[in-house]
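Inspection log for the structure reproduced underneath, given as structure tokens.
Rule-based calculations on the coordinates, nothing more; no lab input. Not measured: the values here are computed from a predicted model. Counting neighbours? That spans all protein chains shown, and the Cβs are built from the backbone with ideal geometry, glycine included.
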Amino acid sequence: MALQLGDTAPDFQADTTEGSLDFHDWIGDGWAVLFSHPKDFTPVCTTELGEVSRRKADFEARGVKVIGLSVDGVADHKGWAQDIEDTQGVALNFPLIGDPDRKVADLYDMIHPNANDTLTVRSVFIMGPDKKIKLSITYPASTGRNFDEILRVIDSLQLTANHQVATPVNWKDGDDVIIVPALSNEEAKQKFPEGWDEQKPYLRVVKQPNK
Ligand code: BEZ
């Protein structure tokens, strides 16, 4: 069965462009993003890896490590890294897993045979410090990811992990949020003493608590 939200992210050992690692040890006590690429030396992936390298500080500011995967070996990845630097103007600055035998790709169900039976789709898994999967998104090979959106969902995941709120449509960090329905008005008064805008009994809008 495919991995689901709340499942423990499967642990694995792998070779990467930054040496071998044990995935859970590598995650440590923080958050992590694991994202797959169909193949080395492909154009869309080249732009994505450049963008994530450019945005590394944005991930670090949130306590998030990033790691990529492609179903080629580390020697190929290192050759590709030079192309990434040449074309994207930034050096690859996070590990890229070599997975020529598709061990990790299979573990995370990253190969969708009805899309392509050898290449991975563009999977994104976000893990919390408890190593559980907090979010997964799947894109086809032909669609590059939007890493503003990945950073936006990380802001939501980290906020909602620590406060009894949910984030509404198109929310971004700093916008108002919604008090979770599980919290009674009595309980909400303790958590949000400055009050909220009750648009319906189930739709209670409040300032973002950690701002
Ligand atoms: C790409 O990364 O550009 C790509 C990979 C596989 C299929 C289509 C595009």
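Numbers below:
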read-out: Cα gyration tensor of the chain - equivalent ellipsoid semi-axes, whole Å, descending; value: 36, 17, 16
read-out: Restricting region 2-84 to GluC sites (Glu not before Pro) in coil, as DSSP defines it, with at most 16 other Cβ within 10 Å; value: GLU18
read-out: Extended-chain gain in nm, criterion 0.36 nm per residue less alpha-carbon gap, GLU51 and SER142; value: 31.1 nm
read-out: Charge tally in the Cβ shell below 12 Å around VAL71, where Lys, Arg are +1 and Asp, Glu are -1, VAL71 excluded; value: -4
read-out: Computed over region 108-211, the ratio Rg/Rh where both radii use C-alpha atoms and Rh is Kirkwood; value: 1.11
read-out: Sites THR160 and ASN93 - FRET efficiency at Förster radius 22 Å, r taken between beta-carbons, to 0.05; value: 0.15
read-out: Sites LEU5 and GLN82 - FRET efficiency at Förster radius 22 Å, r taken between beta-carbons, to 0.05; value: 0.05
read-out: Candidate lysines - alpha carbon under 22 Å from LYS191, same-chain residues fewer than 8 apart omitted; value: LYS172, LYS200, LYS207, LYS211
read-out: Chain lengthening between ASP58 and ASP176 when straightened (0.36 nm per residue, less Cα-Cα); value: 40.3 nm
read-out: Point-charge dipole on Cβ atoms (K/R +1, D/E -1) for the chain, about Cα centre, debye to 20; value: 640 debye
read-out: Which of THR8, VAL33, ALA166, positive extreme of dipole for the chain (C-beta unit charges); value: ALA166
read-out: Approximate spin-label separation ASP29-GLU149, in nm, with each point projected 7 Å along Cα-to-Cβ; value: 3.4 nm
read-out: Inter-centroid distance (Cα atoms) of region 174-191 relative to region 18-66, Å; value: 34 Å
read-out: Diffusion coefficient, µm² s⁻¹, Stokes-Einstein with Kirkwood Rh over alpha-carbon pairs of region 55-153 at 10 °C and 1.306 mPa s; value: 107 µm²/s
